[in-house]
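Peer 1: Quick one: this structure, given as C-alpha cells, is what I'll be asking you about.
Read-outs throughout are calculated quantities, based only on the coordinates presented, and are distinct from any laboratory measurement. Quick caveat: nothing in here was measured; it's all calculated off a predicted structure. No Cβ is skipped: glycine too gets one built from the backbone with ideal geometry, and neighbour counts run over all protein chains shown.
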Amino acid sequence: MSSFGIKNEKLAGWNRPPVFESDGEGELLEVAMGPHHPSTHGVFRMDVVLDGERVIKLKPVFGYLHRNHEQLGQTQSYLANMPYTDRLDYFCSLTNNWAYALAVEKLVGQEVPERAEYLRVILAELTRVQNHASTIGFLLQEMGASGTPLMYAFREREKILDLFESLTGSRMMCNYMRFGGCRVDASPAWIEATRKVVAGLPAFVDEFERFLMTNEILMARCQGIGVLRPDLAVNSGISGPMLRASGVNYDIRKVDHYGIYDRFKFRVPLGDHGDIYDRYMVRMLEMRESISILNQALKDLPAGPVMDPKAKIRNFRPKAGESYGRIEAPKGELGFYLISDGSPNPYRYRVRPPSFINLTVLEDMCLGSNVADVVLIFGSVDIVLGEVDR
Amino acid sequence: MLGDGILKGLAETAKNFAGSFVSKERMTTVEYPEERLPLPEAARNFPFLVYDGDDWEKGLRCVACQICEKECPPKCIYIEKSKDKKPDYVGKPQIYPAKFDIDISVCMSCQICVEVCPFEAIKMNTEFELATDDRFGGLLLDRKQLARSNEYYHEIHPTEASEVDARLAEEKAKVEAKAKAAAEAAAAKAAAAPSANTPASAAVAKPQAPVEAKPATAGKAAEIAKAPAMATAASEPKPVPGTGTDGPAPLTAEDQKNAETPAKANAREPKAQGEPKE
C-alpha cells in the first residue's frame, strides 16, 4: 500500500479536504469539462479548478438526465415500473430487473421457481461480462486507444446482446423478470446458443489480455493514478469492482447469497493498490469468474416452470410493509427500497444506484493528478448517467 | 524489453485485421440497407392489433376493455368504446374500440399491454423502419394503421401465434360445447313438455330443405346444423378465419370440404405407406 505514486503528500489526510495553494506563479484556471465532453457516456459536467496541469478542485455536476424515476415509480403499479428499471443502467437492464423483482418478492414473500433462478443467474452473469467488456473498452477509448479495443469489446457484447434479444425480445430494454419468475421460458435452442457463446468467451478474454495487459503505455497511464484508499472507499459507501480494487473483500453475491449464488463456486478478485490499473484488472478477472459461474449454471439448469403459477400479474396489491432488495450489479450494489401501504402502487420507492454513489469519490481520486488523468479516472469508475441522474 | 507489450498487442490487431479477409466469423458487420440480419422470433418493437378474417374492422379481436390503457406504463394508448356491439370470435356480442390510438413516439416497447390483454388482441410488431417527416400525426397510429391480420402475426411470431390460436380454438370449442349442452338441456326440457317445441323445430328445419331440393342434401342440412362445433374440431391449428366474426354463419360447401380434406389425407397416407410392404 505504499507505492501509490502520489507526488503530493497533502493528499494524505483523506478525511478532510486537501488544501492546495497556488505557488504564486500565474492564476488558477477554472474549466468546465462537459456537459458534452466526449469522454462521458452521458451528459455530465465536471467543474475543475486547475493550477497549471494539476487538479486542485473538482466538482461533479449531474442531473442533466434526471427524469423523475422514483416519483414515477410511486405513481404507477409495481409491474408498470419494471420497464423503467431497464432504463436506469441501460447497459445492464437484466440485473436492474432482478434487483427490483427481488425487492418486490421480498415485500410479498414470493417464491421463485428453480429454473427461473438459474436463468436469472445466467442472464446476470452474461450482463456482467458484457458490461465489464464494454467498460474496459470505454476506458481504453478514453486513454486514446480510439476504436480498436472498444470495437473488440463490442464485437463480443453484440453476441451477448443477440442472446438477450432472442430470449427477451429486446437487446437492451429487456423487461424480462417478473415478480415470481421470468416472463418467458428459454428454448433449448437458446440454451445451446448460450453454451456456444460462453464457450467462446475465454478466448475473447485471453485475446484482450494479450492485447493490452502488458502494454507499456497502459501501465504508465494507469498504475498509481486515481488511487482510492480502502478506508475512504468503505466510508463513502463505494461498492462493486471499485471497492474490490481497493482491496476490500465485499461481494454481495458472497455476503447475501441472494438467488442461488450459494450453489456456485467462484472467487472474488481483489486489487491491491486501488488505482486505475487495479480496477481494470479486477474487471478482467471478474469476467473469468463470471464465465465459470455461467458454465456451472448452464450445466445444472433444471427443467420446470419459469413462473410461479400463483404469482399475480394484474391487480397486484402487496400488503403494507417495507423491503430492500439488493444485488451485486456489475457496477456495484444496486438496491431498491420499497414501502407499501397496501395500494397498487408503492408508497415510497427509492433506488440505491451504484454509479451515483461511486461517483461521489471522484474528487478525492482526482486531486493532485493531471487534467488528462481526470478523464481516465472518470472512465475507471464505470458509471452510466441514466443511473446517476435517474 | 520496453515496447514488448505494445508489440504483442499490435500482433493481436494484425491477426484480427488479416483474419477478417480470411475467416467469415471475424467479419462481424453487415452493410445494413442492402444486407439485413434476420430478426429473432421474439423481437418486438411496437404493438399492433390482431384481426381475424379479411375485414380488419369486423375482425378486430379487441373488445375495448381498456386494461392495456390502464396498465401501459407511459400511457401511450387511448381507447374509446363503441356504442353498439359486434360479435367476437365465439359469436358473443361485444363492444369494440371506436377509437384505438397508440402514440409510438411515447411507447417504450415494454410489452406489458400484450401481457395483460386477456383477449390476445394486441401483439408486438417487428417493423422498425418507421421514420416519418410528420412528427405528430405520423407517429400517432389509429386503429386502422395498427390492425394486422392473424396471418401477419403468424408470419412474424410463428410459434407464439400458433400457441395463441390453439388457445383460442380451445376456448371457442369450450364455449360451443357449453352452448350445445345448454341447448340439449333445453331440448330435453322441451321433450319433457312435448307440445310446445316440436312444431317449432320442424318449422326451422323446413325452410332449409326447399332451398336445396335434392334428397341427397337432406343429410347435408343436418350436417350444417352441426357444423360450427365440427369445424373447430377439424381445423384446430388454424382458427377459422371468417367464422366467428359474423356469429354462427352457415358454412359453405367449400369450408366443409376443407374441413374434411385433412382427415381424408390422413386416411390415404397409411395406405400409401402400406403398399410397398405388400
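Peer 1: For the range A:128-174 and the range B:1-80, compute the distance between their C-alpha centroids and round to whole Å.
Peer 2: Spelled out, the Cα-based centre of one part sits 15 Å from the other.
Peer 1: How would B:SER149, A:SER369, A:SER187 line up from fewest to most surrounding beta-carbon atoms within 10 angstrom? Please report the intermediate quantities before stating the final value.
Peer 2: Details: B:SER149 17, A:SER369 24, A:SER187 14.
The order, fewest Cβ neighbours first, is A:SER187, B:SER149, A:SER369.
Peer 1: Quick one: which residues, 5+ away or cross-chain, put their amide H under 5 Å from the amide H of A:ALA329? H built at 1.01 Å from N.
Peer 2: Those qualifying (amide H under 5 Å, at least 5 residues apart or on another chain) are A:LEU334.
Peer 1: Nearest 10 degrees, 0 to 90: what angle lies between the long axis of helix A:188-212 and the longest principal axis of chain A (Cα atoms)?
Peer 2: 10 degrees
Peer 1: In whole Hz and in residue order, list the ³J(HN,Hα) couplings for the range A:307-318 that follow from phi through the Karplus curve 6.51 cos²θ - 1.76 cosθ + 1.60, θ = phi - 60°; x for Gly and Pro.
Peer 2: With coefficients 6.51, -1.76 and 1.60, one gets 9, 5, x, 7, 5, 9, 9, 9, 6, 8, 10, x Hz.
Peer 1: Follow-up. Just to confirm the number: angle between the C-alpha axis of helix A:148-168 and the first principal axis of chain A, 0 to 90 degrees, nearest 10?
Peer 2: 20 degrees
Peer 1: Hey, got the average number of other protein chain Cβ atoms within 10 angstrom for residues in A:207-216? Present the calculation step by step, with values, prior to reporting the outcome.
Peer 2: Numbers: counts 3, 2, 2, 6, 9, 5, 3, 6, 8, 8.
That average works out to 5.
Peer 1: Then there's this: Can you sort A:ILE357, B:ILE102 so the residue with the fewest Cβ neighbours within 10 Å comes first? Mind showing how you got there, number by number?
Peer 2: Working: A:ILE357 19, B:ILE102 27.
With the sparsest Cβ surroundings first, the list reads A:ILE357, B:ILE102.
Peer 1: For the range B:47-156, what is the charge dipole size about the Cα centre, in debye to the nearest 20, if Lys and Arg each add +1 at the Cβ and Asp and Glu each add -1 at the Cβ? Display every interim value, and only then the final one.
Peer 2: Details: 15 positive and 20 negative charges, 110 e Å.
Roughly 520 debye for the range B:47-156.
Peer 1: Hey, what number do you get for chain A at 222 nm if only DSSP H runs of n ≥ 4 count, each worth -39500 (n - 2.57), divided across all residues, to the nearest 500?
Peer 2: Working: 15 runs with 177 residues, N = 390.
Calculated mean residue ellipticity at 222 nm is -14000 deg cm²/dmol.
Peer 1: What is the average number of partner chain Cβ atoms found within 10 Å of a Cβ in A:162-173?
Peer 2: On the way: counts 2, 1, 2, 5, 5, 2, 5, 14, 9, 2, 0, 5.
Averaged over the peptide's residues, the number is 4.
Peer 1: Past 19 Å, Cα to Cα, is the threshold; run B:LYS70/B:LYS144; B:LYS85/B:LYS174; B:LYS99/B:LYS123; A:LYS196/B:LYS123; B:LYS58/B:LYS86; A:LYS299/B:LYS24 against it and keep the listed order. Working shown, then result.
Peer 2: Working: B:LYS70/B:LYS144 21 Å; B:LYS85/B:LYS174 22 Å; B:LYS99/B:LYS123 17 Å; A:LYS196/B:LYS123 31 Å; B:LYS58/B:LYS86 8 Å; A:LYS299/B:LYS24 29 Å.
From B:LYS70/B:LYS144; B:LYS85/B:LYS174; B:LYS99/B:LYS123; A:LYS196/B:LYS123; B:LYS58/B:LYS86; A:LYS299/B:LYS24, over 19 Å: B:LYS70/B:LYS144; B:LYS85/B:LYS174; A:LYS196/B:LYS123; A:LYS299/B:LYS24.
Peer 1: Any chance you could check the Cα centroid distance between the range B:154-194 and the range A:315-386 for me, in angstrom?
Peer 2: Between the Cα centres of the range B:154-194 and the range A:315-386 lies a distance of 52 Å.
Peer 1: Let me ask another. Select from A:LEU212, A:LEU270, A:LEU376 the residue whose mean-square fluctuation is largest in a Gaussian network model of chain A (Cα-Cα springs shorter than 10 Å).
Peer 2: It is A:LEU212.
Peer 1: Determine the alpha carbon to alpha carbon distance for each of A:LYS312/B:LYS172; A:LYS57/A:LYS331; A:LYS319/B:LYS92 and list only those over 29 Å. Don't skip to the end; give the middle numbers.
Peer 2: Values: A:LYS312/B:LYS172 25 Å; A:LYS57/A:LYS331 25 Å; A:LYS319/B:LYS92 38 Å.
Over 29 Å Cα-Cα: A:LYS319/B:LYS92.
Peer 1: So, one more: Given Cα pairs under 8 Å that are at least 6 residues apart, what percent is the relative contact order of the range A:69-389?
Peer 2: Numbers: 576 pairs, mean separation 90.2, N = 321.
Dividing the mean separation by the residue count of the range A:69-389 yields 28 percent.
Peer 1: Can I ask one more? How large is log10 I(q)/I(0) at q = 0.13, 0.17, 0.24 Å⁻¹ when the Debye formula is applied to the Cα atoms of the range B:47-156, each weighted equally and without solvent?
Peer 2: Those come out to -0.45, -0.79, -1.52, one per q.
Peer 1: So how tilted is helix A:93-108 from the main axis of chain A? Cα-based, degrees 0 to 90, rounded to 10.
Peer 2: Rounded to the nearest ten degrees, it is 60.
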